[in-house]
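Please read the structure below before turning to the comments.
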Amino acid sequence: MPKFLSNRFVRIAAAAALVTAAITTFTAPGAGAAAICPGAGQAPVLVAGVPGSALQGLTVDAGGRLYTTDLISGRLFRIDRPGAGAVPVATVPSGGAGALAWTPDGTLLVGYGADARVFVGDAVRAASIAKYQPSTGRLTPFVTGLSAANGMAVAGNGTIYATNDFGALVGRVFPNGAVQPDWAQLPSANGAVLGNNDGYLYVSRTFVNPGVSRIPVNNPGAPQSLVTFGGTDVIAAADGLTLDSKDRPIVPTDISGEILRVDGPNQFCALASGLPASSVVSYGRGNTGFSAGRLFRAGFDGNIYEIPGAFDPNATAATP
């Protein structure tokens, strides 16, 4: 197994401090760094953290409260505002708390099974999704039978899409709970966000042919590559992405520690750098707290940063 794949497995199973040290070992500072996006390049700002965690999911509710998941403990945390402490609000039934996404009715979906099972996810399909009700604090199992839920997105009609970066299957869950684990096939698809009008599912490609693709929702057998990382960028390990208000993918890299924006076919630039162990990015929502227009990054180091150069007044967290 390649060293960077082995290292990712260690992240899932070990303490966050060991995770960060291992990733940093494979990070060559400045190697293959992308050009800075116009107006970007400011230093990231530490706004919150969950000590001892390896953060995987990230989203913000309409009131500007941030939610994040920990791969190690399986817990879901809420952080009410930048600088506030993380409050554990729920724990998934089995290990590997993963992606987060909102349903049209305001329920928070929590993916789990993003642990060692992802290595054989396409074969055993042990990953699941639970429903969390912020108003009551109740977490209820919803569906199982997915390859993984490292990335997750929800369409306006309630259809859910889920990815597995160590497999090839992209799953679909219908609003009635019916699971189609093999809706699409794209090796090492990771992260998931739907574009305007839910026409395309955007995913990063982490380990196989690293880059970013979009999958036509009405033609999942014909994925389109938007960017392929070459040279030293090949080991960047693109992770949980989002979209800005112009439907441009913004993707963090686990290993090279950059926050990249894809501006066109094989065109990308860096919004920030120096953040190894980055796992996911999301825009804020609401008028207070982690507010709309601001981009936030969570990582396997347990830290959450704001990316100042990525401010987009028209962008919000991915919601149906």
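Have a look at 118, 170 and point out the one that is of a type in the set (A, V, I, L, M, F, W, C), under 16 Å from residue 191 (Cβ atoms) and either in a loop (DSSP other than H, G, I, E, B) or modelled with pLDDT of 95 or more (or both). Please lay out each step first, then the result.
Details: 118 fails: either in a loop (DSSP other than H, G, I, E, B) or modelled with pLDDT of 95 or more (or both).
Going through 118, 170 in turn, just one is of a type in the set (A, V, I, L, M, F, W, C), under 16 Å from residue 191 (Cβ atoms) and either in a loop (DSSP other than H, G, I, E, B) or modelled with pLDDT of 95 or more (or both): 170.
Does residue 262 fit the bill of being within 21 Å of residue 113 (Cα to Cα) and in a strand (DSSP E or B)?
no
Among the listed residues 153, 84, 123, 101, which satisfies the condition of being in a loop (DSSP other than H, G, I, E, B) and of a type in the set (A, V, I, L, M)?
Details: 153 fails: in a loop (DSSP other than H, G, I, E, B); 123 fails: in a loop (DSSP other than H, G, I, E, B); 101 fails: in a loop (DSSP other than H, G, I, E, B).
Testing whether each residue is in a loop (DSSP other than H, G, I, E, B) and of a type in the set (A, V, I, L, M) leaves just 84.
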*asked:* Of everything in segment 252-279, what is closer than 12 Å to residue 307 by Cβ and under 12 Å from the mean Cα position of the chain (by Cα)? Give them in sequence order.
replied: 252, 278
*Residues in segment 103-129 that are in contact with a strand residue (DSSP E or B) (Cβ under 6 Å, 6 or more places away or on another chain) and within 23 Å of residue 48 (Cβ to Cβ): how many?*
6
_Being out of contact with any Phe, Trp or Tyr (no Cβ under 9 Å at 6 or more places or on another chain) and without any contact (Cβ under 8 Å) to a residue 12 or more places away in the chain narrows it down to one residue among 287, 303, 219; which is it?_
219
_Restricting to segment 280-299, count the residues that are part of a loop (DSSP other than H, G, I, E, B) and either out of contact with any Lys or Arg (no Cβ under 6 Å at 6 or more places or on another chain) or aliphatic (A, V, I, L, M) (or both)._
8
*asked:* List the residue pairs whose Cβ atoms are under 6 Å apart, where the first residue sits in segment 65-80 and is on the phi < 0 side of the Ramachandran plot, the second is of a type in the set (Ser, Thr, Tyr) and assigned to a strand (DSSP E or B), and the two are 6 or more positions apart or on different chains.
replied: 67/59; 75/91; 76/69; 77/68; 78/67
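Return yes or no: is residue 237 in contact with a helix residue (DSSP H, G or I) (Cβ under 7 Å, 6 or more places away or on another chain) and touching a residue at least 40 places away in the same chain (Cβ under 8 Å)?
So residue 237 passes the test.
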*So how many residues does segment 187-214 have that are buried (at least 24 other Cβ atoms within 10 Å of the Cβ), closer than 24 Å to residue 144 by Cβ and without any contact (Cβ under 8 Å) to a residue 60 or more places away in the chain?*
5
*Residue count, segment 284-306 (criterion: closer than 18 Å to residue 260 by Cβ and of a type in the set (A, V, I, L, M, F, W, C))*: 4
*asked:* Would you confirm whether or not segment 227-237 contains a residue that is at pLDDT 95 or above and either assigned to a strand (DSSP E or B) or within 18 Å of the chain's Cα centre (by Cα) (or both)?
replied: no
*Return the residue satisfying two criteria in turn: it lies in segment 69-95 and is under 16 Å from residue 138 (Cα atoms) and touching a Leu at 6+ places or on another chain (Cβ under 8 Å), and of such residues it is surrounded by the fewest Cβ atoms within 10 Å (Cβ to Cβ).*
88
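The values are calculated or read from the model by the stated rules, or taken from the named source; none is laboratory data. Note that the coordinates shown come from a computational prediction; the quantities given were computed from them, not determined experimentally. Quick reminder, even Gly has a Cβ in these numbers, built from the backbone with ideal geometry, and neighbours come from all protein chains shown.
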